[in-house]
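Engineer: Here it is, the structure, as structure tokens.
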Amino acid sequence: MAAKRKVVITCAVTGAIHTPSMSPHLPITPDEIVAEALAAAEAGAAVLHLHARNPENGRPDQTPEAFGRFLSRIKQQTGAAINITTGGSPFMRVEERVRPAEHFKPEVASLNMGSINFGLFHLLDRYKDFKHSWEPEFLESTRDLVFRNSFKDIEYILKTCYNNDTRFEFECYDIAHLYNLKHFLDRGLVKPPLFVQSVFGILGGIGTHVEDVMHMKRTADRLFGDQYRWSVLGAGAAQMRIAAMSASMGGNVRVGLEDSLWAGPGKLAASNAEQVRLVRSIIEGMGLDIASPDEAREILALKGADQVNF
């Protein structure tokens, strides 16, 4: 009998998109990020995707010092694989964004596979009261924002981290990003199995219609065949619906307060762990099992937690 397929759950704990005023449950301080990451792992997340924030005002902080306040604490208390962002914030230069992954040499680092318009300004229609002055200014400024991820930028991140044996979560916000990834595969700058994270629902990227999800999967299948492992994240209200589609189509899933603040219509998620439990119930309701951290390491060909620099 063939072994049952295991589904890898990634949890993106805080991110750089949502601002502190949008939810009282968004983790900001190192202690909050540690507690949320550990609870998500306990709930079933095999991979923890991490950003850092300024503990005073919640701004994204991509300094190695900011990540150093929680990375080793999380590693010491869970076996989950740790994934460090190189996306940082769309306003940061690539040299700033890559520094934590360069320094800490994680098992996984995210890597955006192309430039896109990255619109968050429409959220100003929903939120009116803010704790910090930077929040509405940040959202409005995305009306004229291109999240730069040029071929030169991507090469810079790949070459900076190449000797660390760090694997990448290739974040693909549109079909062209899959072709960009194929370009780097053909050049030998990335190696299979590719961990492809399809991103649905960011204003400026591909949408959340069922045909969008199918088109992403069909294109990745055609370009990469058996050389990749597919995962999805749905932004906002589309999170669980798209996760369910991925699990039913042989893929993996990503949830977390970076991607959505919700646990149902009009209901704020009280924690990252709540979203992990929700998606786990969907996966197990389909008769599938979730992957343990060690199983995720095997599926994604990760180097192991003993080979990181934290």
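Engineer: From the list I157, I175, exactly one residue is in contact with a Ser or Thr (Cβ under 9 Å, 6 or more places away or on another chain) and farther than 26 Å from E211 by Cα. Which is it?
Structural biologist: Numbers: I175 fails: farther than 26 Å from E211 by Cα.
That would be I157, the only listed residue that is in contact with a Ser or Thr (Cβ under 9 Å, 6 or more places away or on another chain) and farther than 26 Å from E211 by Cα.
Engineer: Could you tell me whether V279 is under 25 Å from K75 (Cα atoms), more than 15 Å from the chain's Cα centre (by Cα) and not in a strand (DSSP E or B)?
Structural biologist: Details: under 25 Å from K75 (Cα atoms): yes; more than 15 Å from the chain's Cα centre (by Cα): yes; not in a strand (DSSP E or B): yes.
Criteria met by V279.
Engineer: Between a first residue in the range 39-51 that is over 18 Å from K6 (Cβ atoms) and a second residue that is surrounded by fewer than 24 Cβ atoms within 10 Å (Cβ to Cβ) and of a type in the set (S, T, Y), which pairs have beta carbons less than 7 Å apart while being 6 or more apart in sequence or on different chains?
Structural biologist: A39/S271
Engineer: What do you reckon, is V253 within 15 Å of the chain's Cα centre (by Cα), modelled with pLDDT of 95 or more, part of a helix (DSSP H, G or I) and surrounded by 17 or more Cβ atoms within 10 Å (Cβ to Cβ)?
Structural biologist: Details: within 15 Å of the chain's Cα centre (by Cα): yes; modelled with pLDDT of 95 or more: yes; part of a helix (DSSP H, G or I): no; surrounded by 17 or more Cβ atoms within 10 Å (Cβ to Cβ): yes.
No, not satisfied.
Engineer: Looking at (1) of a type in the set (A, V, I, L, M); (2) buried (at least 23 other Cβ atoms within 10 Å of the Cβ); (3) without any contact (Cβ under 8 Å) to a residue 60 or more places away in the chain, which is the one condition that is false for A244?
Structural biologist: With (1) of a type in the set (A, V, I, L, M); (2) buried (at least 23 other Cβ atoms within 10 Å of the Cβ); (3) without any contact (Cβ under 8 Å) to a residue 60 or more places away in the chain applied to A244, the lone miss is (2).
Engineer: Identify all residues within the range 84-108 that are under 22 Å from V146 (Cβ atoms) and either crowded, with 24+ Cβ neighbours inside 10 Å or touching a residue at least 40 places away in the same chain (Cβ under 8 Å) (or both); write none if there are none.
Structural biologist: T85, T86, G87, G88, S89, P90, F91, V94, E95, R97, V98
Engineer: Could I ask something else about it? Among all residue pairs at least 6 apart or on different chains, which show Cβ distances below 8 Å where the first residue, located in the range 296-310, is touching a residue at least 60 places away in the same chain (Cβ under 8 Å) and at positive phi and the second is assigned to a helix (DSSP H, G or I) and charged (D, E, K, R)?
Structural biologist: That search, which allows pairs on different chains as well, returns G304/R297.
Engineer: Here is a further query. Show the residue pairs that are 6+ apart or on different chains and have beta-carbon atoms under 7 Å apart, the first residue being within the range 276-291 and over 14 Å from R254 (Cα atoms), the second being polar (S, T, N, Q).
Structural biologist: Short answer, once both residue conditions are applied: M286/S248.
Engineer: Please count how many residues of the range 268-297 are surrounded by 15 or more Cβ atoms within 10 Å (Cβ to Cβ) and of a type in the set (G, A, S).
Structural biologist: Count: 6.
The values are calculated or read from the model by the stated rules, or taken from the named source; none is laboratory data. In this text, all values refer to a predicted model and were calculated from it rather than measured experimentally. FYI the Cβ positions are ideal-geometry reconstructions off the backbone, even for glycines, and counts take in every protein chain you see.
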